[in-house]
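Trainee: Structure provided below as structure tokens; questions to follow.
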Amino acid sequence: MKTPQPSNLPSDVTVQQKLDGVYYRLFETMRNGFAIHEIICDGTGAPIDYRFLDISPSFERLTGLNRSIVGKRVLDVLPDTEPYWIETYGKVALTGESTTITNYSKELGKYFEVTAYQPAPGLFATIFEDVTERKQSEQALVRLSMAMEQAAEVVVITDVHAKIVYVNPAFENVTGYRREDVMGENPRVLQSGVHDESFYKEMWETISSGRTWRGVFENQRKNGARYTERAVISPVMGTDGTIVNYVAVKKDITEDILKEKQLHQAEKMEALGYLSGGIAHDFNNILGAIMGYADLLADEWAPESLSGQYIQQILVSTERAKQLINQILSFTRQQKQALTEIAPQLIVREVVVLLRAAFPSTIAIETRIGRDVPSIVADPIQIHELMMNLCTNGVHAMDERGTLRVFCEAQQLGDGISGRLGAVTPGKYVAITIEDEGCGMDARIIQQMFDPFFTTREVGKGSGMGLSVVFGIMKEHGGNLLVDSEPGKGTCITALFPVPDENTIPPWKPAEGHGRPIQRILLVAGDISSGTMMSRMLRELGFDVSIQLDPSHALEALTAEVIPFDLVIADYRLPGTNGVNFLKDACLVSAPSRVVLLTNHGDREAENSAAAADLMSIWHKPFGKSRLRNLIATLGDVDMQNEN
């Protein structure tokens, strides 16, 4: 029988002890959190809580809880624990099905990725790690992605070789290209040809050197239309400091530039309006004196005499000058217009009849009048003038040979339409369109075409006021103008008149009658020249006239007279005051049966002041003796047989 030899292998107890030591050191040093729990169920076997049986040091570090929780229920330690955790762990402990979940613990304020398994029936162990930072990074990336996808600005990302790797939906909306159309392409697909090679070279040198480039592109949409965008292009650096991508953030500023130009144009037109209005005011005073004295001289000379003929030519010239001033004032929107409800198609037909008679036979006129064209509130005389100006311009553009088309129809317009007077307000309009087959216009001429005194015709063949008058008329009527023209392709101009929801006609008050006839007149003049001329014309018409140049002396004359004046005429521009204030004072100190404010055509300040004072009688200078006679006659109770 052999004697048993001593074995060098460790005993089972020793191996187990060593393994226990390894497991303990692993338990104590593992980076992930670890815990063993006992599930707690109600009478029906449904999990309602669980108890901590053991926790690792890393559990304490990751959760902020310590070993005092061992043996306690989770709802005692963390009362607001979400039912989700208990239900999930209960399923593991009762069925033995392991699971891995990532969820947020509101009690601990952290995200955890947890693997749970069943070490024994009714128990579950968890191994977990804190993934809060990772989840926050993921959420930040999601938010960044959503921001880029939903941003109104265009975002384009390229690789280092300028190949497009990402565009957002705004890129598709602005350019018209779909995302799949441009992936892998170079952004040069948007180039319009406006910028030269040096422009792009400077941009590329900037961004490839690690700097940010800022500038403006004139690019081209998929449909060929040009647009302007402001861009910021920056390099994206990798962890090693090298460029890995380029990102461009761009904004379509086409509409902004248009609005800026329109604002600049409006400011320029307003400045020109005030300048023109001021010139017209002073010129009217001079013109009034010339017209008045020429009218007085006409009574001294026989019309068939040479001097009489010269005087008539002076009167004709002053009348033309007066009409030019009225055109200037129509442009500056300083004349009050009598707006009334009209049927625009009737005016269009009337103008077309006149045009056919006035234009040469080499001009064909085609018309199209829409059905059910609504009424508008407008000045019929100005609509007539607008059409005549536009049609005459069209005929000149065709060198009096070709077809002129005139349309009048109702249109319902939506958003996004820009006119020469700003954005077109969505709504219903009556559109009067004049289309010619002439030489057309380039962008520069289109930009200036409504400026006063601007013309492309030869010197002496146009005042340059026709289209500016059109501009003033449309501005007065709250309308807009659309212009479509290219060199060699003719011009189409559409005047848009808004259709009000309820057409309203401005109220009109009839002149009141007076019992006493006009015999004695007090004239308070702003300057001696026009005042002297007007007083002579009044005397020529048979009236007893007293002229005053000082408003205070005029008030004294009103109070001193035993027999009151029948009519007081006051110029608006008076030293130390204005005609409206003077007439108010005159009515307080005396009882003139009639008062009249004398202004220049288009004196907006005077007319607003008179309207506020409810002054119904306003006469516009200049005028000759015959018109002065008619103006006084409108006041009633005038015996013109006294005229010398």
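Trainee: Based only on Cα atoms, what Rg/Rh ratio does the stretch 392-443 have, Rh being taken as Kirkwood's radius? Can you show the working numbers first?
Mentor: Values: Rg = 13.9 Å, Rh = 13.0 Å.
Expressed as Rg/Rh, it is 1.07.
Trainee: Using heavy-atom solvent-accessible surface (probe 1.4 Å) with all chains present, what is the largest-first order of Cys587, Cys41, Cys391?
Mentor: Details: Cys587 75, Cys41 50, Cys391 0 Å².
Accessible-area ranking of Cys587, Cys41, Cys391, largest first: Cys587, Cys41, Cys391.
Trainee: Another question, if that's okay. Classify the stretch 177-245: rounded, prolate or oblate, from the alpha-carbon gyration tensor (a ≥ b ≥ c, eigenvalue square roots; a/c under 1.5 rounded; otherwise prolate if a/b is larger than b/c)?
Mentor: Working: a/c = 2.49, a/b = 1.49, b/c = 1.67.
Oblate, since a/c reaches 1.5 and b/c is not below a/b.
Trainee: OK, next. Carbon and sulfur: what percent of the stretch 173-256's accessible surface (1.4 Å probe)? Don't jump to the answer; show the numbers that get you there.
Mentor: Details: 2350 of 4970 Å².
Heavy-atom surface of the stretch 173-256 belonging to carbon and sulfur, 1.4 Å probe: 47 percent.
Trainee: With every protein chain present, what accessible area does Asp484 have (1.4 Å probe, heavy atoms only), rounded to the nearest 10 Å²?
Mentor: We get 100 Å² for Asp484.
Trainee: Might you work out the accessible area of Phe217 for me, using a 1.4 Å probe with all protein chains in place, and round it to the nearest 10 Å²?
Mentor: The value for Phe217 is about 20 Å².
Trainee: At most 14 other Cβ atoms within 10 Å and a DSSP loop assignment: could you name the chymotrypsin sites (Phe, Trp or Tyr not before Pro) in the stretch 150-207 that fit?
Mentor: On the way: sites: Tyr166, Phe171, Tyr177, Phe199, Tyr200, Trp204; in loops: Tyr177.
Passing both the DSSP loop test and the Cβ count: no residue.
Trainee: Another question, if that's okay. What is the extension gain from Glu218 to Ala612, computed as 0.36 nm multiplied by their sequence separation minus the C-alpha to C-alpha distance, in nm to one decimal?
Mentor: On the way: separation 394, 0.36 × 394 = 141.84 nm, distance 5.11 nm.
Residue separation times 0.36 nm, minus the Cα-Cα distance, leaves 136.7 nm.
Trainee: Given a 1.4 Å probe and heavy atoms of the protein chains only, how would you sort Asp256, Asp527, largest accessible area at the top? Before the final figure, lay out the partial values.
Mentor: Working: Asp256 70, Asp527 45 Å².
Greatest to least solvent exposure: Asp256, Asp527.
Trainee: Check Val236: other-chain or 5+ apart residues with amide H under 5 Å from its amide H, H built from backbone geometry?
Mentor: Correct list: Val244, Asn245, Tyr246, Val247.
Trainee: Would you kindly state how much longer the chain becomes between Thr95 and Asn32 on full extension, computed as 0.36 nm times their sequence separation minus their alpha carbon distance, in nm to one decimal? If you can, show how the numbers build up before the last one.
Mentor: Numbers: separation 63, 0.36 × 63 = 22.68 nm, distance 2.45 nm.
Residue separation times 0.36 nm, minus the Cα-Cα distance, leaves 20.2 nm.
Trainee: Mind listing the phi-derived Karplus ³J(HN,Hα) values for the stretch 49-56, rounded to whole Hz, using 6.51, -1.76 and 1.60 with θ = phi - 60°, and x for any glycine or proline?
Mentor: Computed from phi, the couplings for the stretch 49-56 are 5, 8, 10, 6, 9, 6, 9, 8 Hz.
Trainee: I want to check the label-to-label distance for Glu556 and Ile243. Put each point 7 Å from Cα in the C-beta direction and report it in nm to one decimal.
Mentor: Distance between label points: 8.7 nm.
Trainee: Let me ask you something else. What ³J(HN,Hα) values, in whole Hz, does the Karplus curve 6.51 cos²θ - 1.76 cosθ + 1.60 give for the stretch 377-383 when θ = phi - 60°, with x put for Gly and Pro?
Mentor: Whole-Hz 3J(HN,Hα) from phi for the stretch 377-383: 9, 7, 8, x, 5, 6, 4.
Trainee: For the stretch 46-158, restrict the atom set to alpha-carbon positions and state the Rg and Dmax in Å.
Mentor: 18.3, 59
Trainee: Calculate, in nm to one decimal, what Lys428 and His264 gain on full extension: separation in residues at 0.36 nm each, minus their alpha carbon distance. The partial results should precede the final answer.
Mentor: Details: separation 164, 0.36 × 164 = 59.04 nm, distance 2.77 nm.
Length difference between fully extended and current span is 56.3 nm.
Trainee: Determine the principal axes of the Cα atoms in the stretch 358-426, then give the extent along each, sorted from largest to smallest and rounded to whole angstroms.
Mentor: 40, 25, 22
Trainee: Given a 1.4 Å probe, how much area per residue of the stretch 147-235 is accessible, in Å²?
Mentor: Accessible surface, normalised per residue, equals 55 Å².
Trainee: Can you run phi through the Karplus equation (6.51, -1.76, 1.60; θ = phi - 60°) for the stretch 574-582 and list ³J(HN,Hα) in whole Hz, with x for Gly and Pro?
Mentor: 10, x, x, 7, 10, x, 5, 5, 4
Trainee: What does the highest-first list of 570-580, 107-117, 188-198, 408-418 look like by mean Cβ count within 10 Å? Write out the running numbers ahead of the final one.
Mentor: Numbers: 570-580: 20.5, 107-117: 16.9, 188-198: 11.9, 408-418: 13.5.
The most tightly packed comes first, giving 570-580, 107-117, 408-418, 188-198.
Trainee: While we're on this one: Filter the cross-link list Lys584/Lys621; Lys163/Lys259; Lys201/Lys261; Lys72/Lys106; Lys135/Lys251; Lys222/Lys250 down to pairs whose alpha-carbon distance in this structure exceeds 27 Å. Working shown, then result.
Mentor: Values: Lys584/Lys621 21 Å; Lys163/Lys259 34 Å; Lys201/Lys261 30 Å; Lys72/Lys106 20 Å; Lys135/Lys251 32 Å; Lys222/Lys250 17 Å.
Listed pairs above 27 Å: Lys163/Lys259; Lys201/Lys261; Lys135/Lys251.
Trainee: What dipole magnitude, in Debye to the nearest 20, does the stretch 91-151 give about its Cα centre under +1 on Lys/Arg Cβ and -1 on Asp/Glu Cβ? Don't skip to the answer; put the middle values down first.
Mentor: Values: 6 positive and 8 negative charges, 26 e Å.
My answer is approximately 120 debye.
The values are calculated or read from the model by the stated rules, or taken from the named source; none is laboratory data. Being a predicted model, the structure only gives us computed values, none of them experimental. Note that each Cβ is placed from the backbone with ideal geometry, even for glycine, and that neighbours are counted across all protein chains shown. Note: areas computed on protein heavy atoms with side chains; ligands, DNA, RNA excluded. Shrake-Rupley method; radii C 1.70, N 1.55, O 1.52, S 1.80 Å.
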